[in-house]
Amino acid sequence: MAVTGSAGFIGGWVVRRLLHKGYRVRACVRDVNDATKTTFLKEMPGYASGRLTLHAADLDSDGCFDVIFDGCQGVCHLSHVSDYDDHEYVQRVCDHIIASVNRSGTVNRVIVTSSIAAVISEVDLQEFVRRPVFYEDRYPDEQNPKRTPAKGQGYSMGKVIAERAFSDAAEINGDWDAITCCPADNVGPIQSAHQKNMGPWQHNIEMMLSGKYFQTDAYRPWMTVDVRDDAECHIGLLESVDVHNGERYIAWSTETRNVEDICASIDRLLPELGHDAPEVTDPFPERIQAREKEMRAIWAGCELRNDRIRAVVPIEFRSLDQSIRDCVESLLSVAEVTPVRRSGFEPGT
Ligand SMILES: NC(=O)c1ccc[n+]([C@@H]2O[C@H](COP(=O)([O-])OP(=O)(O)OC[C@H]3O[C@@H](n4cnc5c(N)ncnc54)[C@H](OP(=O)(O)O)[C@@H]3O)[C@@H](O)[C@H]2O)c1
């Protein structure tokens, strides 16, 4: 198997779980000699014996996956691209990855990592009132003239472009299929210190630990998946005989929690830290703040579904409490984050 974005939060877990299941894994990173990002991969079981190999590939360079994909049966395409707002560039990157898949002659499945942003990113919140069920056949309102990168929709649009590019190419080729995985907000343990700044969700928890946090996304509650469960979803989709080209599967537990409750959860789950939960700062302009109640009510009326992935992947999603606890513990132990503590609190007492 080849995994693009292997040094990333999700990619790193996909690599670990693939090795655990006995696969041979080609981990793609931009710089194999960047110890900050690759040491955790080189310490994984399988690296010493050669079952895990690391490969340098910058997906902006045409043909970079030709040699890597040759001989692989599956590809998990997890890496980000450099610019989601430039859709010609997004298409170009897809085209050359697809060309490497076609040239390999061995790859028979590509898991394309998209996002729930490609399901629910709306310019107009009223669209959630009209279509409140969040499931795989739901796409953002693509007819809305405000759905543009300038309005913050570049990521969601770029992901939809990539989903379609891969499934169209697979259909034309006929020898491989493309299955899309749309992960939700990933929370859970980091495996390497550099991942604390990525995400963004583990980075948000790091900020809460450090005493500063801001309200985000029109008061949208976090809609989460544990990063380890997300990895299992990717692998389950690679292995499934019940999925078909062009299908997409949302990876989430369907649990949601408001930002301020995530902040408060840290002290509830890990009282021994004495965490001084910050007040969540609201940075929105007054006209948005005036709509807070309305916006929260809209989110509360939405229904998250994960029937489809549970039908094809054997998975029990972890609770968000478990994900938060493990995320915090890893931020302390792996990335040496120091939490702000209540005044007078002595750790260990
Ligand atoms: N995290 C989430 O909550 C979430 C939610 C929904 C969807 N997703 C999607 O899941 C995927 C993985 O997310 P993540 O959180 O694991 O991301 P991440 O931790 O930021 O890692 C992404 C990886 O992408 C690689 N990358 C970026 N630009 C690249 C380029 N031009 N060429 C080659 N590699 C490049 C980086 O590789 P190097 O480290 O080697 O430089 C990085 O390790 C992304 O496609 C993201 O859109 C994530």
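Can you find, among Tyr23, Pro339, Asn102, the residue farthest towards the positive end of the dipole of the chain? Put +1 on the C-beta of Lys and Arg, -1 on that of Asp and Glu. Sorting the options by dipole projection puts first Tyr23. According to the calculation over all Cα-Cα pairs in region 2-333, the P(r) per 20 Å bin from zero is 31, 60, 10 %. Check the straight Cα-Cα distances from Lys146 and name the lysines below 28 Å, setting aside those fewer than 8 residues away within the same chain. Once the sequence-local lysines are set aside, what remains near Lys146 is Lys159, Lys293. Think of region 237-319 as having a plus end and a minus end, set by charges on the Cβ of Lys, Arg, Asp and Glu; of Asn245, Ser319, Ala300, Asn245 sits farthest toward the positive end of this dipole. Here the dipole of region 1-158 is about 820 debye; that uses its Cα centre as origin and unit charges on the Cβ of Lys and Arg (positive) and Asp and Glu (negative). Put simply, the Cα atoms of region 264-315 extend 43, 39, 14 Å along their principal axes, the longest span coming first. Give me the percent of DSSP beta bridges within the chain that run antiparallel, rounded to the nearest 5. Close to 10 percent. Partners of Lys21 within straight-line reach, counting lysines whose Cα lies under 20 Å from its Cα and excluding those fewer than 8 residues away in the same chain: Lys42. The charge dipole of region 61-101, taken about its Cα centre with unit charges on the Cβ of Lys, Arg, Asp and Glu (plus for the first two, minus for the last two), comes to roughly 200 debye. Model label points for Asp66 and Lys21, set 7 angstrom from Cα along the Cα-to-Cβ axis, are 3.0 nm apart. Placing +1 on the Cβ of every Lys and Arg and -1 on the Cβ of every Asp and Glu, with no other charges, gives the chain a dipole of roughly 400 debye about its Cα centre.
What 222 nm value per residue comes from the helices of the chain, counting each DSSP H run with n ≥ 4 as -39,500 (n - 2.57) and dividing by all residues, nearest 500 deg cm²/dmol?
-11500 deg cm²/dmol
At q = 0.22, 0.25, 0.26 Å⁻¹, what log₁₀ I(q)/I(0) does a Debye calculation on the Cα points of region 160-236 give, no solvent, two decimals? Cα-only, vacuum Debye calculation for region 160-236: -1.04, -1.16, -1.20.
Name the shape class, rounded, prolate or oblate, that the alpha-carbon gyration tensor gives for region 1-100, where a ≥ b ≥ c are the square roots of its eigenvalues, rounded holds for a/c under 1.5, and otherwise prolate holds if a/b is larger than b/c and oblate otherwise. Here region 1-100 falls in the prolate category. Treating each Cα of region 1-57 as one equal point scatterer and applying the Debye formula with no solvent, the log10 of I(q)/I(0) at q = 0.18, 0.21, 0.26 Å⁻¹ comes out as -0.46, -0.64, -1.03. Candidate membrane-span-like segments in the chain, meaning DSSP H helices with Cα atoms spread over at least 24 Å of their own axis and a Kyte-Doolittle mean of -0.5 or above, are 87-104, 154-173, with no membrane implied. Rg over Rh for region 307-349 works out to 1.25, using Cα positions for both radii and the Kirkwood form for Rh.
Panel values: region 113-251, Kirkwood radius from alpha carbon pairs, Stokes-Einstein at 25 °C and 0.890 mPa s, translational diffusion coefficient 147 µm²/s.
Read the figures in this text as sums done on the coordinates, not as results from a lab. If you're wondering where the values come from, they're calculated on a predicted model, not measured in any experiment. As a convention, Cβ positions derive from the backbone with ideal geometry for all residues, glycine included, and neighbour counts pool all protein chains shown.
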